[in-house]
1. Output the residues belonging to the stretch 279-288 that are buried (at least 16 other Cβ atoms within 10 Å of the Cβ) and farther than 12 Å from residue 216 by Cβ.
2. Considering each residue of the stretch 356-366, count those that are open to solvent by 30 Å² or more (accessible area, probe 1.4 Å) and either in contact (Cβ under 8 Å) with a residue 40 or more places away in the chain or on the phi > 0 side of the Ramachandran plot (or both), and give that number.
3. If a residue must be in a strand (DSSP E or B), open to solvent by less than 50 Å² (accessible area, probe 1.4 Å) and without any contact (Cβ under 8 Å) to a residue 40 or more places away in the chain, how many such residues does the stretch 8-65 contain?
4. Might you check whether a residue that is surrounded by fewer than 16 Cβ atoms within 10 Å (Cβ to Cβ), modelled with pLDDT under 95 and acidic (Asp, Glu) occurs anywhere in the stretch 325-348?
5. Check the stretch 155-163 and report whether any residue there is closer than 30 Å to residue 243 by Cα, of a type in the set (Ser, Thr, Tyr) and either more than 15 Å from the chain's Cα centre (by Cα) or open to solvent by less than 20 Å² (accessible area, probe 1.4 Å) (or both).
6. Find the residue count for the stretch 168-194, including only residues that are among the aromatic types (Phe, Trp, Tyr) and in contact with a Leu (Cβ under 9 Å, 6 or more places away or on another chain).
7. Kindly state which strands (runs of 3 or more DSSP E) lie completely within the stretch 125-239 and contain at least 2 residues that are charged (D, E, K, R).
8. When the stretch 228-277 is examined, which residues are found to be polar (S, T, N, Q) and open to solvent by 10 Å² or more (accessible area, probe 1.4 Å)?
Amino acid sequence: MTDPLLLEIQAALGSDAMRFGAAIPERNRADMSGASPVLPLALVLPRTVEDVSKILELCNAHRRPVVPQGGMTGLVTGAHPKADEIAISLERMTGVEEIDHASGTLTALAGTPLQVIQEAAHDAGLMVGIDLGARGSCTIGGNVATNAGGNQVLRYGMTRPNVLGLEAVLADGQILRSLNKMMKNNTGYDWTQLMIGSEGTLGIVTRVVLSLHPRPATIDAALVAVPDTAAAIALLRHLELRLPGDLLVFEAMWSEFYTIATKTMGHTAPLPVGNDLILLIEASSAAGALVEALSAAQDAGHLTDAVIARSEADRMTFWKLRESVYEYSHHFPPTIGFDVSIPLNRMPEAIEGLRRRFTEDFPGQPWVVFGHLADSNIHVNMMPESSLPDARKRIEKVVYGVVKDLKGSISAEHGIGCLKAPYLGLSRTPDEIELMVAIKRTFDPNGILSPGRVFAKDNNE
């Protein structure tokens, strides 16, 4: 504790707001990317936006790097600390502050877990359009910072369209507030939209205003087998015509995934193993409409088999299959995972390309492909043996090679962080990257906010 900056922060916030060395909890040393834990220079635990403002004012004056932390559920080392960084965890800035029924909005502090927000909206007779598997531990600030996607993007969009207003702190400590509750507010540049998806490189989000939605009166669910990826896309378009505006979920589990979920993990198999692709479909349509639409789709050759949920227990059985991926650590070596987007017209090529390359380059290694499909998003996971040399680089070459060839995106919903920064040029042109760097310099001229994230080199070079 001879560091002048740390002494100044401690004097401003109190000793209870800081942790050093072994006192820094394990959870603040690593995110879920699988990267080795790193002990940051210090951990700071602000309670108010004014605390965050003071921390950044001091760090900027000393030209010292910081990294904001939320639920630490990220997969691209965005919140993963570096040894010279001061980690700023918003875990004490939590709580739903207001639900405005008239405006249809919810205001919460950035450290509030997504599930807490979902439950508060539910208790008010409404719902939040954001949902993802890490709902119990991810925070709304992290969702905003990464523009998180998830299970309901087909109906409600990514995090971005669900956000009406923000409060954030800039690198020099300036507090910006636009806690807007209006759907229409067309008053010049919207800085809040720049913050969404910026991964902590432009400012630290401290408060969020979300739009709320009516809860569907009923949700019908089905597990559907289709002959191949092209048939799945044809089925999607068929259902959109038959059930306009009613589709909530269109989740894809290719055969590799479904076989592991049922054979290796022992989850109930409502449909037999051996189908090329299993879909989990949910709709908020009138009673029987989903069944009728699926029946017509079967007559048209878009599907080969289907099982309809007759109860909430059946629906949860379907979801246990889809979320079985969270149990892989109990059955396999550590996962190397990817989150990419592929244009839907090229998706069949992507799946076949991945299958061919993985079979040729990694014989015998378990891998899966699954995802949200309807919004062009697939996840690719491989669980290679620890003895496999240079596994991550070799797997990245395969996955990002397919993405490049098919003009996809290296990140659908997880962000860039440090892990994907070297590959940003596969999805953004040099001119776009130059513009992004210019925006970064404007918001953070001294480059203290999450350095090395998004961009592969120093943001100020």
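1. Keep residues of the stretch 279-288 that are buried (at least 16 other Cβ atoms within 10 Å of the Cβ), which gives 279-285.
Passing the criteria: 279, 280, 281.
2. Of the stretch 356-366, the ones open to solvent by 30 Å² or more (accessible area, probe 1.4 Å) are 356-357, 359-361, 363-364, 366.
Applying the additional criterion that residues be either in contact (Cβ under 8 Å) with a residue 40 or more places away in the chain or on the phi > 0 side of the Ramachandran plot (or both) yields 357, 364, 366.
Number satisfying all stated conditions: 3.
3. Number satisfying all stated conditions: 1.
4. There is at least one residue in the stretch 325-348 that is surrounded by fewer than 16 Cβ atoms within 10 Å (Cβ to Cβ), modelled with pLDDT under 95 and acidic (Asp, Glu).
5. In the first step, residues of the stretch 155-163 are kept if they are closer than 30 Å to residue 243 by Cα; the result is 155-163.
Imposing the further condition that a residue be of a type in the set (Ser, Thr, Tyr) reduces the set to 156, 159.
Checking which are either more than 15 Å from the chain's Cα centre (by Cα) or open to solvent by less than 20 Å² (accessible area, probe 1.4 Å) (or both) leaves us with 159.
Yes; the residues of the stretch 155-163 include at least one that is closer than 30 Å to residue 243 by Cα, of a type in the set (Ser, Thr, Tyr) and either more than 15 Å from the chain's Cα centre (by Cα) or open to solvent by less than 20 Å² (accessible area, probe 1.4 Å) (or both).
6. Qualifying residue count, the stretch 168-194: 1.
7. Values: elements: 126-128, 163-169, 175-178, 204-214, 220-226.
Those strands (runs of 3 or more DSSP E) do not exist here; none qualify.
8. 255, 259, 262, 264, 268, 275
The values are calculated or read from the model by the stated rules, or taken from the named source; none is laboratory data. All values derive from a computational prediction rather than experimental measurement. Virtual Cβ from ideal backbone geometry, glycine too; neighbours counted across all protein chains shown. To get the accessible areas, we keep the full protein, side chains included, count just its heavy atoms, and leave off ligands, DNA and RNA. Shrake-Rupley method; radii C 1.70, N 1.55, O 1.52, S 1.80 Å.
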